[in-house]
Amino acid sequence: MTPTSRLLIVCMAALLVATPSWVAAQDGTPQQLARFRVLIPDVEPLEDADRGFDRDVAKALRELIGVMATHQIIERDDIRDSLDDLDMRIEDLNCAFTRQLAVRMDA
């Protein structure tokens, strides 16, 4: 296992914070199912990573998790909007700030 993949696994395990949310059943009636909102910020790249590596990894994870019937992804724009309210940038997020932001965004 490479250090990059180990870092990615540790970050994703620490950052996936989920709560149930309301979704519609197949017949259109509202029903509470176990659908989890997931906050996936850009990961912190190592010093030898390519430019944009952090955004590419986060985008790929959002796409993979977004197709799951049990999970709902919080979009990058929504993350940025919440960070604007706090006068922060997405680049400023670390594990502690991300967990606090997830609570604030009900994720």
Can you find a residue in region 19-33 that is touching a Lys or Arg at 6+ places or on another chain (Cβ under 8 Å), modelled with pLDDT under 75 and within 25 Å of Asp92 (Cβ to Cβ)? yes
Top-ranked residue in region 34-60 [being assigned to a loop (DSSP other than H, G, I, E, B) and small (Gly, Ala, Ser); ranked as modelled with the lowest pLDDT]: Ala49
Could you check region 38-47 and list, in sequence order, the residues that are in contact with a helix residue (DSSP H, G or I) (Cβ under 9 Å, 6 or more places away or on another chain) and not aliphatic (A, V, I, L, M)? Pro41, Asp42, Glu44, Pro45
Residues that are within 16 Å of the chain's Cα centre (by Cα) and either farther than 23 Å from Val103 by Cα or surrounded by fewer than 13 Cβ atoms within 10 Å (Cβ to Cβ) (or both), drawn from region 46-68: Phe53, Asp56, Ala60, Glu63, Leu64, Val67, Met68
Scope region 70-98; condition free of Cβ contacts under 8 Å to residues at least 24 places away in the same chain and outside any helix (DSSP H, G or I); matching residues: Glu75, Leu86, Asp87, Met88, Arg89
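The values are calculated or read from the model by the stated rules, or taken from the named source; none is laboratory data. Remember, it's a predicted structure, so these values are computed and weren't measured experimentally. Note: ideal-geometry Cβ built from the backbone for every residue, glycine included; neighbour counts use all protein chains shown.
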